[in-house]
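To keep things clear, I will list the structure first and then write my remarks on it.
Laboratory data are not the source of any read-out in this text; all were calculated from the coordinates shown. Because the structure is predicted, anything quoted here is derived from the model rather than measured. In this analysis, Cβ positions are derived from the backbone assuming ideal geometry, glycine residues included, and neighbour counts consider all displayed protein chains.
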Amino acid sequence: MTESGPAGQRWYVVGLGAAVNFIVFAMAMSCLPVLFSEISGELNLSIVQVGTVWGAGSVAGIFSIFAAGILADRFGTRRILVAACLLAAVFGALRGLADGFTSLTITSLLFGLASEAVPVVVVKNTSLWFHDRGLGMAQGIVTTSVGGGIMLGAMLSATVLSPWLGGWRNVMFFYGGLSAFIGIIWWLTAPALKRSAGANDTPSVMPALRRVTRSRGVWLIALAMMGFAGGNKGVIGYLPLYLRGSGWTPAAADGALAALNAAGTATAIPLGLLSDRLGRRKAFVLPGLLVTVVSVGLLAMTTGPAVWPLAIFAGVFRDMIWAVAATMTVETPGIGPAYAGTAVGIIHSLTRVGYTFAPPAGNAFAPVRAGLPFVFWAGLSLLALVVFLFTQETGRDRQRHFAITD
């Protein structure tokens with residue numbers, strides 16, 4: 001199986017999918033950690049409530065991601081992605097109307113219901129256009145867009161957008177407008193793109209579920225990514241608060257988080273390309289996870305200048321791990337592009353379980369010692385490392401075909 005459609009169309013789809021990830025999912029989500037000081041001051045939130053709000057957006061995503069993956073396999077990506085963008089715009093803007101912990105949690109849940117489904121549909125869409133050649137690099141691009149959006153959202157939301165727009169509430173309205181805009185762009189331009197292969201691959205729901213749920217490889221990747229994603233979400237949400245509480249200025253604390261995100265953004269594409277060239281996936285994931293475990297764990301021991309290199313090492317392999325995990329999922333025997341939505345939906349649903357429990361669980365250690373949450377989150381990445389040891393290497397056979405077998 002080869003790439004689908006002319007090169008110009010393929011790369012436009014990748015670019016547009018990256019833009020959706022960048023704005024609708026990443027920026028609109030990552031504005032919260034750097035705004036939590038402002039939000040918690042106005043709404044009188046405790047540190048555990050902050051962690052609960054930060055994880056709440058993933059609760060509804062556990063179910064909506066799974067449904068979005070199945071629906072994308074069955075009905076195609078265009079309509080599902082447009083609906084997710086427009087719903088994320090509405091619910092994301094509603095966060096700006098919250099007047100307390102309960103309303104902010106509910107609106108964050110609703111926002112997660114829509115926005116958390118976006119990356120799954122983008123992965124499915126990318127797999128349809130890039131099959132046995134270039135898939136790792138293409139997934140690296142759409143994954144990098146998440147890291148780039150998280151980085152820009154962290155850099156701009158509190159120090160630039162909030163003062164410019166007049167407070168955190170207007171920042172939420174601003175991201176809602178951007179999300180609606182990119183959804184309209186997808187609706188107006190994506191219909192003209194037709195893929196030449198696999199256009200009629202629309203498996204029914206129950207056969208797709210039976211096929212995917214019998215795959216040992218999918219469940220191993222899902223369990224590993226649940227640990228890794230939960231630890232990563234906890235670090236992102238807590239790092240700015242941790243550093244500000246240790247005497248860092250808001251700009252410096254936000255800058256450390258931006259450095260973590262920038263490191264992942266800078267490396268995902270070249271590492272994804274190298275993974276394609278060498279035909280190896282686990283050879284990149286396992287060392288990346290080991291570096292993550294060590295660097296996140298060491299963050300618990302310092303609040304000085306050493307935070308900067310540790311933050312960079314904590315993020316440098318993050319986006320690559322996401323991209324290669326998505327590539328491994330599509331390359332898993334029995335999955336392929338036709339069942340990618342359902343398989344990635346299962347994996348991302350479990351990662352949102354990690355997103356939900358890891359931030360508040362880690363934050364609960366903060367009253368004992370401020371650095372202890374990082375030890376907990378490093379332990380979750382260690383779990384991911386152990387589980388990935390048992391997964392099958394998929395890259396070496398990528399040039400043959402996607403084996404769709406019972």
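For n ≥ 4 DSSP H runs only, could you compute -39500 (n - 2.57) per run for the chain, divide by its residues and tell me the 222 nm figure to the nearest 500? Taking each H run of at least 4 residues, the total per residue is -25000 deg cm²/dmol. Scalar couplings 3J(HN,Hα) for the range 82-99, obtained by applying the Karplus form with A = 6.51, B = -1.76, C = 1.60 to θ = phi - 60°, are 4, 4, 4, 4, 5, 5, 5, 4, 5, 5, x, 5, 4, 4, x, 9, 5, 10 Hz; x denotes Gly and Pro. What angle do you read, to the nearest 10 degrees and between 0 and 90, between the alpha-carbon axis of helix 216-245 and the longest principal axis of the chain? Helix 216-245 and the main axis of the chain meet at about 20 degrees. Most tightly packed first, judged by the mean number of other beta-carbon atoms within 10 Å of their residues, the peptides 338-344, 367-373, 117-123, 349-355 read 117-123, 338-344, 349-355, 367-373.
Quick one: angle between helix 168-189 and the longest Cα principal axis of the chain, in degrees between 0 and 90, rounded to 10, please. Roughly 10 degrees between the two axes.
Taking the charge dipole of the chain about its Cα centre, with +1 at Lys and Arg Cβ atoms and -1 at Asp and Glu Cβ atoms, the residue from VAL59, PRO270, THR144 reaching farthest to the positive side is PRO270.
Compute the angle between helix 135-156 and the longest alpha-carbon principal axis of the chain, please, reported from 0 to 90 degrees and rounded to the nearest 10. Helix 135-156 and the main axis of the chain meet at about 20 degrees.
Cα centroid separation, the range 344-367 to the range 261-338: 18 Å.
Label-to-label distance for THR102 and TRP164 is 3.6 nm, based on points extended 7 Å past Cα in the beta-carbon direction. Rounded to the nearest 20, the Cβ-based charge dipole of the range 205-284 about its Cα centre (Lys and Arg +1, Asp and Glu -1) stands at 620 debye.
Working note: Karplus 6.51/-1.76/1.60 with θ = phi - 60° gives the range 358-375 the couplings 5, x, x, 5, x, 4, 5, 7, 4, x, 6, 7, 4, x, 4, x, 5, 5 Hz, where Gly and Pro are set to x.
Sort MET155, MET172 by Cβ crowding within 10 Å, fewest neighbours at the top. Each step should come with its number before you reach the end.
Values: MET155 21, MET172 26.
Ranking MET155, MET172 by Cβ neighbours within 10 Å, fewest first, gives MET155, MET172.
In sequence order, the range 32-42 has phi-based couplings of 5, x, 7, 9, 4, 4, 5, 5, 5, x, 6 Hz under the Karplus curve 6.51 cos²θ - 1.76 cosθ + 1.60, θ = phi - 60°, and Gly or Pro positions carry x. In this label model, LEU286 and ILE185 are separated by 4.1 nm, measuring between points 7 Å along each Cα→Cβ vector.
Each Lys and Arg Cβ is given +1 and each Asp and Glu Cβ -1; about its Cα centre, the chain then shows a dipole of about 760 debye.
Packing here is the average count of other Cβ atoms within 10 Å per residue, and on that basis the peptides 377-388, 21-32, 285-296, 245-256, highest first, run 21-32, 377-388, 285-296, 245-256. Between SER46, VAL375, THR329, the Cα set farthest toward the positive side of the dipole of the chain (charges on each charged residue's Cβ, about the Cα centre) is that of THR329. Taking the average, over residues, of other Cβ atoms within 10 Å as the packing measure, peptides 358-365, 206-213 rank 358-365, 206-213 from highest down.
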